[in-house]
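Quick notes on the structure that follows.
The values are calculated or read from the model by the stated rules, or taken from the named source; none is laboratory data. Since the model is a prediction, treat every value here as computed from it, not as a measurement. Don't worry about glycine lacking a Cβ; one is built from the backbone with ideal geometry, like all the others, and counts go over all protein chains shown.
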Amino acid sequence: MISNGASFSFSPIRVIDSAEKQALRKRLVSHRSPELYSARWILCLARLSGVKGQDIVLDVWRALPAKARAELGLFFVGQETQAGHREFLQQRILDLPDQDRLVIASPSERPQDWIQASDLFISASRLEGMPLAPLEAAGSGLPIILSDIEGHRFLSPWAHYFDVKKPEEAALRILEILTTMKTAGEMKFFEDRWGAAATLRKKWDTPTMAASYAETFQFA
């Protein structure tokens, strides 16, 4: 079986105060407060559907300490594939603290821009087959926080897992990552993540897929 190739960033995720990163964020989400553009961005990139667990991610947000939420922004990006789910999430947000730091963005055909603009990636999917978004995020050097399900297990060397019934576990993982960023320094943190994902990129990138097809059909 030949796996589909995935797209990855060509260099480590840039540090938060990068002018280029700030400009990218403003292109992705306009007319927001300056504090949000300079925050740590958590990205939840998936179609809007109950199986993808965006409601669990909102529970993770609630479980975070107020001090941590003040440094963060949480962004949901994806096409609505379950009728009414976007409205369901918007109603849930109204009951959450720091709701001005929660954004349900429009669907995007450029997921790599969102990955490049973010600092952490989270998926609370209840079920997965071949999850491309976490794969692309991990391969691009983002720290990834994933629900502890079978479909996410192939990313275990690069992932932080949590029980979907215990959102406070994901909140703790986020706090640990933020602490490591501050301790190591942002540039070194993301460079280390990029280096650690080299084997992942080599296995799953598009040239590897193309080479596998060529080899297979050459001897068919």
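Structural remarks
- Candidate set from the range 165-185 (those that are in contact (Cβ under 8 Å) with a residue 60 or more places away in the chain and surrounded by fewer than 17 Cβ atoms within 10 Å (Cβ to Cβ)); member that is farthest from Ser125 (Cα to Cα): Leu175
- All told, Ala197 meets the bar of being at pLDDT below 95, crowded, with 16+ Cβ neighbours inside 10 Å and either in contact with a Pro (Cβ under 9 Å, 6 or more places away or on another chain) or not aromatic (Phe, Trp, Tyr) (or both).
- Residues being touching a residue at least 12 places away in the same chain (Cβ under 8 Å) and either out of contact with any strand residue (DSSP E or B) (no Cβ under 7 Å at 6 or more places or on another chain) or under 11 Å from Gln54 (Cβ atoms) (or both) - total across the range 80-89: 6
- Inclusion of Arg25 among residues that are among the basic types (Lys, Arg) and more than 25 Å from Thr180 (Cβ to Cβ) is not warranted.
Here is a yes/no grid of residues against (1) buried (at least 16 other Cβ atoms within 10 Å of the Cβ); (2) modelled with pLDDT of 95 or more; (3) closer than 22 Å to Ile149 by Cβ:
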{"residue": "Ser30", "(1), (2), (3)": "no, no, no"}
{"residue": "Pro34", "(1), (2), (3)": "no, no, no"}
{"residue": "Leu45", "(1), (2), (3)": "yes, yes, yes"}
{"residue": "Gln54", "(1), (2), (3)": "yes, yes, yes"}
{"residue": "Ala83", "(1), (2), (3)": "no, yes, no"}
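- Some residue of the range 66-77 being small (Gly, Ala, Ser) and at positive phi: no
- Hits in the range 12-28 - residues which are surrounded by 12 or more Cβ atoms within 10 Å (Cβ to Cβ), of a type outside the set (A, V, I, L, M, F, W, C) and at pLDDT below 90: Pro12, Arg14, Ser18, Lys21, Gln22
- The set of residues in the range 149-179 being in contact with a helix residue (DSSP H, G or I) (Cβ under 8 Å, 6 or more places away or on another chain) and part of a helix (DSSP H, G or I) consists of His152, Leu155, Pro167, Glu168, Ala170, Ala171, Ile174, Leu175, Leu178.
- Options Leu120, Leu96; residue that is surrounded by 13 or more Cβ atoms within 10 Å (Cβ to Cβ), over 18 Å from the mean Cα position of the chain (by Cα) and within 20 Å of Lys166 (Cα to Cα): Leu96
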